[in-house]
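One structure is given here, and the rest of the page talks about it.
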Amino acid sequence: MGHLENINFFKAAKGFKSWLITVDHKRIGIMYLLFIVAAFTLGGLAAGIMRIELLSPDKVLLTAKQYNQFFTLHGAIMVFLFIIPSIPAALGNFFLPLQIGAKDVAFPKLNLASLYIYVFGALFCVYSMWHGAVDTGWTFYTPYSTTTDTSVISMTLGAFILGFSSILTGMNFIVTVHKMRAPGMTWFRMPLFVWSLYATSILQVLATPVLAITLLLLIVEKTMGIGIFDPAIGGDPVLFQHFFWFYSHPAVYIMILPAMGIMSELFTTFTKKNIFGYKAIAYSSIAIALVSFLVWGHHMFLSGQSDLASTIFSALTFIVAIPSAIKVFNWISTMYKGSIDLKTPFLYGLSFLFLFSVGGFTGIVLGTLSLDVHMHDTYYVVAHFHYVMMGGTVMGFLGGLHYWWPKMFGKMYNEFWAKIACALIFVGFNMVFFTQFILGSKGMPRRYYSYLDQFQPLHQFSTSGTWVMGLGFIIVFIYLINSLFRKEEVSNSPWGGITLEWQTTSPPPVYNFIETPIVDNDPYDFEKVKI
Amino acid sequence: MSTKNNSLVSSGDIWFPEPLSTLAKDIDYLYYVTMWGSVIIFLGMFLISIYFLLKYRRTKSNLVAQKQVIENHKLEIAWTVIPLILVMILFVWGFKDYLRLRIPPEDTLKINVTGAKWFWSFEYPKNNIKTLNQVYVPVNQSIEFKMISKDVLHNLFIPNLRIKRDVIPNSYSGLWFKAEKVGRYQIFCTEYCGDKHSEMLADLIVLSEEDYEEWLNSANESEDIPLEDLGKKLYTAKACNGCHSLDGSNMVGPTWKGLFGKIRNFTDGTSVKSDENYIRESIVYPQKKLVKGYQNVMPSYAGLLSDREIDGIIEYIKTLK
C-alpha cells in the first residue's frame with residue numbers, strides 16, 4: 001500500500017462504489033456529515049413551518065393534527081437523526097483517529113455497519129412520516145402513544161434501530177481510545193475533544209439499550225395488547241416516563257458533551273494558549289457522564305412520582321450543573337494572556353459560551369422544585385433546551401465544522417461571509433428563543449396549535465427571528481459549497497493549531513500520517529510544538 | 001358571568017402574570033433572586049471575556065501568547081465550591097416552597113376534577129353540583145382539587161397561582177391553592193393530549209363569599225327550564241360545541257344538524273337509524289358505535305349528565321333540522 005501514502009483520501013479511490021464499501025473513517029465521517037446536514041435541513045424546515053403556523057392563533061397553513069405531526073417530526077428528526085449523531089458520528093469519526101495519531105478506528109468495518117444501520121433506521125422514520133405521521137411528540141408519552149392511530153410503531157422502530165448505530169459507534173470509539181493511541185500519547189496527553197467523545201461513548205453504550213427496551217415494550221403493548229404502560233389494560237403511564245428519561249436525560253449529555261470538546265479545541269487554537277485546567281475539564285466530562293444517569297426524575301416533578309424522589313432528583317440536578325460551570329470558567333480563563341484571533345470558528349465558540357450559559361442559568365430555575373412547577377411544560381422549557389441544544393450543540397457543531405473544514409476538504413471558505421452568517425444566526429436565534437422565555441413565564445403552554453390572542457405579538461416576533469436565522473444558514477450553505485470549487489489549497493495548519501490532525505496534510509492521506517507520530521508533549525503545548 | 005378572563009400578558013410584571021396568592025408572590029421572589037443572581041454572574045463572565053478579547057487580541061505585537069498560564073488550584077476550588085454553595089441555597093429554598101405547594105392546610109373546600117379529551121369537569125361533592133370548563137371558588141378559602149383523567153395524560157395549570165399538576169388515568173393527583181383576589185382566570189391543559197390540546201381550556205372564577213353562596217343556590221336551577229332550552233344551554237356548557245357543529249360542517253365529531261332520523265353507517269359495516277336510544281347510547285357509551293370517518297375519541301358522559309340533561313340534549317338535537 002506504499003503508493004497510497006502521499007495521496008489524499010479523496011483521490012485514493014474513485015467512483016460511487018468506492019464510497020459505499022469504504023472502511024476509511026474519514027469517508028464514513030463525510031457520509032455521515034451529508035446525512036446529518038440533510039436531517040438538520042428537514043428538521044429545520046419543519047420548525048420553520050411550525051413557526052409560520054404560530055403567526056396567528058387561527059389556521060395559517062396547517063390543521064391542528066398536522067401541526068402536532070410537525071412538532072413531532074421536528075423533535076424526532078432533530079434528536080435522533082441530527083443532534084445525537086451530529087458531532088460524534090460526523091466530526092468525531094473523522095477526527096478521533098487523527099487526534100490520537102491512529103490510522104483508523106479500532107473496528108473500521110463495524111464503523112461502516114453503524115452508518116448503514118443509521119441510514120436504515122432513518123428510512124423507517126421517513127416511512128412513518130409518509131404513512132400517517134406520528135403525532136405524539138418525540139417523547140412518545142403513554143397512554144397517548146398507545147392509543148393514537150398514527151404510525152407510532154414504525155417511528156419507534158426507527159428510533160430503536162438508530163439506537164444500535166449509536167451503541168456501535170460508542171463501542172468503537174471506546175476501544176479506539178483505549179487501544180489505538182500513538183506511542184507516547186498517555187491519557188492526559190489526549191486532546192480534550194477525545195476526552196469528551198470518550199465520555200459520550202460511555203453514555204451511548206450504557207444508556208441507549210434502556211431506550212431500546214422501552215421502545216420495544218411500547219411496540220409489544222401496541223401490537224399484542226399486553227398492559228405495560230396503558231392504564232386501560234393494567235399498565236402504568238408514569239413507568240414509561242421513568243424508562244424514557246432514564247435514557248433521554250443522559251442523551252442530553254450525549255448531545256452536549258462533544259460540543260464541549262470542540263470548545264476546548266477552539267479556545268486553545270484561537271488563543272495560541274495551552275488550555276487552562278486540562279484535568280478539571282477532562283474529569284468534569286467524566287463526572288457529567290456519571291451524574292447524568294441520576295437526574296432523569298427532574299423531567300417528572302409533576303408526573304406523580306413521590307415528592308421524596310423529586311427532592312432527591314432536584315438536589316442531584318444542581319450537582320450536575322457544577323461540572324458544566326467549571327468548564328465554562330476554564331474556557332474563559334484560557335483567553336487570559338493569550339493571542340486571540342477572532343476567526344469564524346472562534347466566534348461560534350464565543351456564541352456557545354454565552355448562549356450555553358443562558359441555557360445553564362435557566363436550567364437552574366427549572367431544577368428548583370417550586371419554580372419548575374410554574375415553568376414546567378411551558379415555552380420557558382422550550383427556550384431553555386434550545387439554548388442548550390441549539391445555542392450549545394449546534395453552535396459547537398458549526399464551530400467545529402468551520403474549524404476543521406479546511407482539514408477535511410483542503411479548501412478555505414470565505415471568511416467575510418462566514419462572519420456575516422454567524423452574526424445572523426446568533427441574532428436570529430436570540431430573537432426566536434429569548435422571546436419564548438417571556439412567553440413561557442407568562443403562562444404559554446408548549447405544544448399548543450392555537451393560543452390566547454394576547455400572546456400573538458410575542459409569537460410573531462419569535463417567528464420573525466426564524467427568518468433571520470434561516471438566512472444565516474442559507475449563506476453558510478452557499479459559501480461552504482462554493483469553497484469546494486476554489487483553486488487555492490490550504491496548508492497543514494491554517495489556524496496554527498498543533499494537535500496531531502494539524503500535523504498531517506489537508507486533506508489527510510488514506511492512513512492519516514506518513515509516519516506514525518510519536519508524542520512527547522501535552523496536546524496544547526504551544527511553547528514546545530511549533531508549526 | 002360573561003366577563004373575559006384577566007389577561008396573562010398585560011397583568012403582572014414583565015415576567016409573570018399577576019400573582020393571585022401569597023405563595024405565588026413568594027415563588028416570584030425566589031425567581032427574581034435566581035434571575036438577578038444569574039444576571040450578575042453572567043455579566044461578570046461577559047465583561048471579563050470582553051476585557052480579554054480586547055486586551056489580548058492578536059496584533060502584530062501579540063502574535064504569540066504572552067504567557068502560558070495553565071492552572072490555578074485555588075481558582076479551580078473557588079469556582080467549584082462557590083457555585084455549589086449558591087445552588088444548594090436555591091435547592092433548599094425551592095424545596096421549602098415546594099412543600100408549601102404540595103401540602104394543603106386542614107380546612108379545604110374539596111372539588112373533584114376530571115380531565116378528558118378535551119374538557120375539564122368539576123364536581124362539588126358536598127353540593128351535588130357539576131360544572132364543565134368553569135370552576136367557581138370563594139376568595140380567601142383554601143381549595144383542594146382531587147384530579148383524575150378519563151383517557152390520556154392531562155395537566156391542570158393555573159398561571160396566576162403558579163400551580164400545575166399532571167392529571168393521570170387510573171390514579172388521583174392533588175393540587176391546592178388559595179386565591180386572594182376576585183376575578184376570572186385562565187386554566188390550561190399543559191400535558192399534550194391530541195388534536196384539541198390547545199383548546200382544552202377552563203376558567204377559574206374567584207367569587208366573593210356572598211357571590212359564591214348565591215352561585216351555589218342558583219347552580220341547581222336547571223330543573224325548571226324546558227328540555228329544548230336545557231339542551232341548547234348544555235351544548236356550550238358541557239363543551240359539546242368543541243367537536244360537534246350545528247351548521248352541518250364536520251369537526252372532530254359528526255354535526256348535530258339533521259342528525260335525528262338519519263341513517264348512520266358505522267366502521268364495523270352495520271348501520272342504524274338515529275333515534276332517541278341511539279343518541280342516548282352515543283352519549284353514555286360513545287365507543288360502542290363509531291360512525292365511518294371518525295375516530296374513537298369521545299369520552300363517556302356517564303355520570304356527568306343527569307337523565308334530564310340527556311333528555312334535554314336529545315330534544316335539542318331534534319330541533320336541529
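Some notes on this structure:
- Checked against the criterion of being among the charged types (D, E, K, R) and either open to solvent by 60 Å² or more (accessible area, probe 1.4 Å) or not assigned by the TED database to the domain that holds residue B:141 (or both), region B:278-285 has at least one qualifying residue.
- Residue match in region B:185-199 (condition: in contact (Cβ under 8 Å) with a residue 24 or more places away in the chain and away from chain A (no Cβ under 14 Å)): no
- Inside region A:351-374, residues that are within 19 Å of residue B:191 (Cβ to Cβ), more than 7 Å from every other protein chain (Cβ to nearest Cβ) and crowded, with 23+ Cβ neighbours inside 10 Å make up a count of 1.
- Within the set B:86, B:43, the sole residue that is more than 7 Å from every other protein chain (Cβ to nearest Cβ), in a helix (DSSP H, G or I), loosely packed, with under 11 Cβ neighbours inside 10 Å and out of contact with any strand residue (DSSP E or B) (no Cβ under 6 Å at 6 or more places or on another chain) turns out to be B:43.
- Members of region B:49-68 that are open to solvent by 60 Å² or more (accessible area, probe 1.4 Å), at the interface with another protein chain (Cβ under 7 Å from one of its Cβ atoms) and in a loop (DSSP other than H, G, I, E, B): B:63, B:64, B:66, B:67
- All positions within region B:160-184 that are surrounded by 24 or more Cβ atoms within 10 Å (Cβ to Cβ), closer than 15 Å to residue A:238 by Cβ and at the interface with chain A (Cβ under 7 Å from one of its Cβ atoms): B:165, B:166, B:168
- Checked against (1) surrounded by fewer than 18 Cβ atoms within 10 Å (Cβ to Cβ); (2) modelled with pLDDT of 95 or more; (3) in contact with a Gly (Cβ under 7 Å, 6 or more places away or on another chain), residue B:71 passes all but a single condition, namely (2).
- Test result for residue A:303, touching a helix residue (DSSP H, G or I) at 6+ places or on another chain (Cβ under 8 Å), of a type in the set (Ser, Thr, Tyr), open to solvent by less than 20 Å² (accessible area, probe 1.4 Å) and not in a helix (DSSP H, G or I): yes
- Verdict on residue A:216 being out of contact with any helix residue (DSSP H, G or I) (no Cβ under 7 Å at 6 or more places or on another chain) and open to solvent by 30 Å² or more (accessible area, probe 1.4 Å): no
- Qualifying positions in region A:161-182 - assigned to a helix (DSSP H, G or I), under 23 Å from residue A:103 (Cβ atoms) and open to solvent by 10 Å² or more (accessible area, probe 1.4 Å): A:168, A:171, A:174, A:175, A:178, A:179
Table: residues versus (1) under 26 Å from the mean Cα position of the chain (by Cα); (2) at pLDDT below 95.
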residue	(1), (2)
A:5	no, yes
A:8	no, yes
A:29	yes, no
A:36	yes, no
A:41	yes, no
A:53	no, no
A:64	no, yes
A:95	yes, no
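- Taken over region A:341-399, the criterion of being among the polar types (S, T, N, Q) and farther than 18 Å from residue A:74 by Cα is satisfied by A:344, A:351, A:357, A:362, A:368, A:370.
- Filtered residues of region B:237-258 (kept if open to solvent by 80 Å² or more (accessible area, probe 1.4 Å) and either modelled with pLDDT of 85 or more or touching a strand residue (DSSP E or B) at 6+ places or on another chain (Cβ under 9 Å) (or both)): B:247, B:257
- Every pair of residues 6+ apart whose Cβ atoms lie under 9 Å, when the first sits in region A:238-253 and is within 14 Å of chain B (Cβ to nearest Cβ) while the second is open to solvent by 40 Å² or more (accessible area, probe 1.4 Å) and of a type in the set (S, T, N, Q): A:238/B:171
- For region B:136-152, a residue qualifies if it is open to solvent by less than 30 Å² (accessible area, probe 1.4 Å), farther than 12 Å from residue B:219 by Cβ and over 12 Å from the mean Cα position of the chain (by Cα), and the qualifying residues are B:137, B:138, B:139, B:142, B:143, B:145, B:149, B:152.
- Considering (1) touching a helix residue (DSSP H, G or I) at 6+ places or on another chain (Cβ under 7 Å); (2) open to solvent by 10 Å² or more (accessible area, probe 1.4 Å), the lone condition that residue A:472 does not fulfil carries the number (2).
The values are calculated or read from the model by the stated rules, or taken from the named source; none is laboratory data. Bear in mind the structure is a predicted one, so any value in this text is a computation, not a measurement. No Cβ is skipped: glycine too gets one built from the backbone with ideal geometry, and neighbour counts run over all protein chains shown. These accessible areas exclude ligands, DNA and RNA; they are computed on the full protein's heavy atoms, side chains included. Shrake-Rupley method; radii C 1.70, N 1.55, O 1.52, S 1.80 Å.
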